[in-house]
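Here's the structure, in structure tokens; my notes come after.
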Amino acid sequence: MTEQPKRGDFKLKNVLARLGCHAERFHTSGNDANYTLRALLLLVAEKFSRSTEEMTELQVKRLSNMRAFALSPIPVDGYNSRCWPPTISPIRPSDGRGGQHPLL
């Protein structure tokens, strides 16, 4: 039987630690927003990687990109061109007819 989660298990710091993302300097709006997005991406990647359904090569690549983005270093003291943004393939929305959206 699985142990019931405790109240503190859902703190952002604990969720990130469980997902393998190093985080520090919480309770500043920029960091908290950044870490929340990273947690969301890692939770999505974890959910789909545990799926029993077959994934296409593109889906596997996108999950890998999400994980890489979420685990990449966070810029310290503003923009740091050596580590940000990570080099990943952009995911662009479709225009609904199989082509790229014209504005993206």
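The values are calculated or read from the model by the stated rules, or taken from the named source; none is laboratory data. Since we're looking at a predicted model, the values are computed, not measured. Using ideal geometry, Cβ is built from the backbone for each residue, glycine included, and neighbour counts are taken over all protein chains shown. These area figures cover heavy atoms from the full protein model, side chains too; ligands, DNA and RNA do not enter into them. Shrake-Rupley method; radii C 1.70, N 1.55, O 1.52, S 1.80 Å.
Consider only pairs whose beta carbons are under 8 Å apart and that are at least six residues apart or on different chains; among these, list those whose first residue lies in region 15-42 and is over 26 Å from V60 (Cα atoms) and among the hydrophobic types (A, V, I, L, M, F, W, C) and whose second residue is open to solvent by less than 60 Å² (accessible area, probe 1.4 Å) and not in a loop (DSSP other than H, G, I, E, B).
Note: pairs meeting the criteria are F26/L12; F26/D32; F26/Y35.
Residues in region 58-91 that are modelled with pLDDT of 90 or more and surrounded by fewer than 13 Cβ atoms within 10 Å (Cβ to Cβ): how many?
1
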